[in-house]
Structures are given as structure tokens and as C-alpha cells.
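Take a look at the structure below.
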Amino acid sequence: MIATIRPTRKLEGEIRVPGDKSISHRALILGSIASGRSRLRGLSPGADVQSTIRCVQELGAVVDGAALEGRGMRGLHRAAGVLDCGNSGTTMRLLAGLLAAQDFESELVGDESLSHRPMERVVGPLREMGARASWPPLRVGGETPLHGFAHTMPVPSAQVKSSLLIAGLFADGPTSVMEPVKTRDHTELMLRAMGASVEVDGLRVQIMPTGQLEPLDLDVPGDVSAAAFWLVAAGLVRGSRVRLQATGVNPTRTALLGVLQGCGFEITVSNPRFVGSEPVGDLNARTAHELKAIHIENGVAAEMIDELPVLAVAATQMPGRSVIAGAGELRVKESNRITAMEEGLSAMGADITATDDGWVINGPRELEGVRVSAQGDHRVAMALSIAGLIAQGKTEIDGAECVEISYPDFFDHLEYLC
């Protein structure tokens with residue numbers, strides 16, 4: 001699919017972005033081992049979450065619309081075949097933690113992109129817990145019980161942290177994870193809501209084994225990572241006014257909001273409230289004024305790793321030299337996002353240079369509409385689409401169908417707001 005993007009005079013309107021992908025994955029996986037029926041409203045409609053639904057169903061959970069019938073801590077069964085995680089690293093890594101604790105072996109596979117993403121960072125710690133685990137392909141389970149242990153993570157990853165915490169539910173003692181920087185804490189909040197004993201002390205998270213999890217009753221908030229595209233677009237397109245309803249504003253996910261506000265974007269949060277254990281608000285974005293360059297590195301980059309491609313688009317319009325560093329993890333996502341964004345934005349006329357762990361971007365630069373490749377990556381496709389809104393002439397995004405991974409309605413929402 002080739003998506004054609006043309007410059008627009010303004011963006012205006014009110015939408016609700018899809019349900020948070022991270023929360024949706026966790027609710028389905030943890031709900032599958034809850035004792036009873038969970039109610040999960042507003043799950044992400046993207047292909048990644050559909051992969052998680054298929055996997056938990058093959059393991060014995062029953063998903064019927066918003067209802068998920070959990071099988072209890074020891075009620076899952078061996079799937080009839082391999083578990084296909086599609087393009088979803090979250091599905092594969094979190095299920096690895098759950099299935100490592102089962103008395104049967106499971107094999108998890110994915111598409112070509114997922115098959116080349118680093119899984120040893122999960123497999124190694126699970127082996128330290130006494131699990132049978134190998135990669136590639138990813139095979140886990142069949143040797144229990146697991147042993148509680150303390151793990152210090154060399155690379156920040158909410159997926160790895162969550163995998164080990166889920167495995168720790170089945171261990172014979174406490175399991176703790178020490179993070180280099182704070183990553184998204186949806187797993188910790190959800191486990192507490194389900195009755196598990198979770199302690200957080202700074203960067204250290206500890207979980208105690210448990211025999212039962214309570215079902216969830218959850219309205220999934222809008223995904224702030226999806227909202228990021230519209231926040232940047234509204235700031236860059238003159239005369240814009242956009243409202244994003246009921247979006248998650250968990251403090252471990254909102255680093256981008258602070259960065260954008262700090263460099264001149266007009267973003268406010270209204271109607272703040274809690275939905276279950278998650279903070280939610282309506283995000284309001286208007287045209288930015290007096291932009292200034294940014295310098296992002298290390299822990300800050302890790303806190304908004306999924307939003308960095310669209311932040312690179314914003315940096316092309318900031319006066320001076322912007323540096324986005326500490327984001328080497330982008331090289332092992334669905335694509336090498338550092339290279340993909342450099343190639344796409346350079347073709348459009350941006351002054352952007354890739355580094356080992358990010359970009360150096362000099363702005364502002366007037367962008368030109370050209371044909372660019374999404375490189376099979378949903379966030380690259382959407383980020384380059386936002387660049388197309390401020391480019392001169394027609395921009396064509398080759399391979400734009402990959403937005404289905406996380407945001408199937410992206411181009412419909414784009415047309416509506418324009």
C-alpha cells in the first residue's frame with residue numbers, strides 16, 4: 001500500500017486514539033491466568049494485540065469481545081502447535097516469562113522482523129531462575145519450579161522487566177529486578193490491582209510468588225505513544241487545534257509531553273482522572289510558537305523510545321542543532337529505526353545524521369514531498385506521514401499498510417483531522 005500525504009492548512013478536531021498497546025498486552029496475558037472472568041474494554045485493535053489474543057486462546061483462555069475467561073495460575077495447557085507472535089516483541093517476551101513457569105514446553109515464533117530481535121536478554125535471566133529456555137527458536141517451559149532471584153538489567157526494557165516479574169509469580173521466593181532507568185510500570189500497577197504483592201523502591205521492583213490473581217475490570221486508556229503523532233502534527237501545522245480524549249498519562253510514559261512543552265509546543269492536560277490504577281486525561285495541542293532545539297540522551301531517551309521517530313520529525317523544524325542520543329535500542333525494533341528515519345527525512349530534505357544511538361538534526365529545514373519507505377515499521381510510517389503534512393508537494397509512503405500493527409485507523413484519523 002502506498003499512502004499519499006499532502007500538506008494541510010490546519011489540523012482540527014477531537015479523536016480518541018486506540019487503546020494503549022502496552023496495557024492491552026498485559027491485561028490479556030495476566031487475565032489469562034486470573035481466577036475468573038475479566039472485563040477488558042477498549043483493547044488496542046492493532047495486529048500486535050490480535051497476536052496476543054490468538055496466543056492466549058491457544059493456551060486455553062477464552063476471549064469473547066470484552067470478556068476474558070482466565071484459567072487460573074496453573075490452568076493453561078500446551079498449545080496444539082507453535083505460538084505465532086507475529087510482529088509483537090511484547091507478546092513474545094511477556095509470554096516467555098509466563099510459559100517458562102509451566103510444566104510443558106512451548107515454542108514461540110514470529111515474522112521475519114521479530115525473529116531477528118534480541119531475545120537472549122529474556123532467555124538468560126529465565127535460565128538463572130531455573131527455567132528451561134533457549135533461543136533461537138524461542139522455546140521455554142517444562143522444568144519447574146522456578147527460583148526467585150535478583151536481576152540487574154544492563155539495558156532498560158519494560159518488556160524484559162515484565163517477563164521476569166510474571167515468571168516471579170510462580171517462583172519459590174521473591175524475585176527482584178533492578179532497572180538502570182525507570183521504564184513503564186503498567187505491569188506493576190496491574191499486578192497490584194490483581195492482588196499480587198509488588199514492592200517498588202526507586203529503580204528496584206520486587207514481586208512475591210502467589211497462588212491466585214483476581215480478574216480485571218478495565219477500561220484501557222488511549223495510547224500516549226499513538227497520541228504523540230498528533231501532538232507533534234498539531235504543533236507543526238499552523239492554525240491547528242486537536243483534542244485527544246481519554247489518553248493515558250502514566251508518568252512513566254509522558255516524557256515526550258515534557259520535552260515538547262519545553263521546546264515550545266502548546267500541550268495541556270484537561271479532565272485528569274484515574275481509570276482503575278492508570279492516570280488518564282484529555283490531551284489538547286495547538287500550534288507551537290518560538291521553537292527551540294532539543295538535547296535528549298540516556299534515561300530520557302529510554303522513557304520515550306517509541307516516540308523518538310516522530311520527535312525526530314519535530315526536530316527538523318527546530319532552529320539550531322538538536323541531538324537525540326541514548327536510543328541505541330531503536331536499532332533492534334521492527335526496523336532499524338535510526339537508519340529508517342535518517343533515510344526518509346534526508347530524502348525529504350532534512351539535515352539529519354544518524355549516530356550509533358540516535359541522530360543529530362540541524363533545523364529548521366523546509367521539507368519536500370517525495371516517495372519514502374516505511375521499511376515495514378508502523379512508527380516509521382506514521383512519523384514520515386506527519387513529516388508529509390508540512391512538506392511541499394506530495395509525499396508517498398511505500399508500505400504504509402504496516403500501521404495496522406498498532407493503529408489501524410491512523411489514516412482515517414488523519415483525513416478527519418485535516
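Since every read-out is calculated from the coordinates, none of them should be taken as a lab result. Bear in mind that the values here come from a model prediction, so they are computed numbers and not experimental data. Cβ: placed from backbone, ideal geometry, glycine included. Neighbour counts: every protein chain shown.
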task = Provide the per-residue ³J(HN,Hα) series for segment 10-26, in order, calculated from phi with Karplus coefficients 6.51, -1.76, 1.60 and θ = phi - 60°, each as a whole number of Hz, with x at glycine and proline positions.
result = 6, 10, 8, x, 10, 9, 10, 6, x, x, 4, 5, 4, 5, 4, 4, 5
Pairwise label distance in nanometres, THR353 with GLU12, each label 7 Å out on the Cα-Cβ vector = 4.2 nm
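Based on the alpha-carbon gyration tensor of segment 10-132 and its eigenvalue square roots a ≥ b ≥ c, which shape applies: rounded if a/c is under 1.5, prolate if not and a/b is larger than b/c, or oblate?
Cα axes put segment 10-132 in the oblate bin.
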note = The answer for the net charge of residues other than ARG238 whose Cβ lies under 9 angstrom from its Cβ, with Lys and Arg +1 and Asp and Glu -1, is +2
task = Would you calculate the separation in nanometres between label points at ARG117 and ARG331, each defined as 7 Å from the Cα along the Cα-to-beta-carbon direction?
result = 1.8 nm
key: DSSP bridge orientation in the chain - percent antiparallel, rounded to nearest 5   = 70 percent
request  = Go through GLY75, SER346, ALA246 and say which Cα lies farthest out towards the positive end of the charge dipole of the chain; charges sit on Cβ, +1 for Lys and Arg, -1 for Asp and Glu.
outcome  = ALA246
note = With R₀ set to 25 angstrom, the calculated FRET efficiency between the beta-carbons of ALA80 and ASP103, to the nearest 0.05, is 0.90
key: Gain upon complete extension [ARG41, THR287; 0.36 nm per residue less C-alpha separation]   = 85.3 nm
key: Anisotropy class of segment 143-186 from Cα gyration tensor, a/c 1.5 cut   = prolate
inquiry  = With the cut-off at 1.5 for a/c, could you classify segment 249-374 from its C-alpha gyration tensor as rounded, prolate or oblate?
reply    = prolate
ask   = Just for the Cα atoms in the chain, what are the lengths along the principal axes, largest first, rounded to whole Å?
value = 60, 41, 40
Mean Cβ neighbour count within 10 Å, used as a protection proxy, ranking 401-410, 227-236, 328-337 highest first = 227-236, 401-410, 328-337
key: Net charge, ALA131 excluded, C-beta distance under 11 Å - Lys, Arg +1, Asp, Glu -1   = 0
request  = For every other residue with a beta carbon closer than 15 angstrom to the beta carbon of THR187, add +1 if it is Lys or Arg and -1 if Asp or Glu, then tell me the sum.
outcome  = +3
ask   = For the residue pair THR252 and GLU128, what label-to-label distance in nm results when each label sits 7 Å from Cα along the Cα-to-beta-carbon direction?
value = 1.9 nm
remark   = Both in Å, the radius of gyration and Dmax of the C-alpha trace of segment 347-418 are 12.9, 38
task = Provide the gained length on full extension for the span ASP64 to GLU143, in nm with one decimal, where the gain is 0.36 nm per separating residue minus the Cα-Cα distance.
result = 25.3 nm
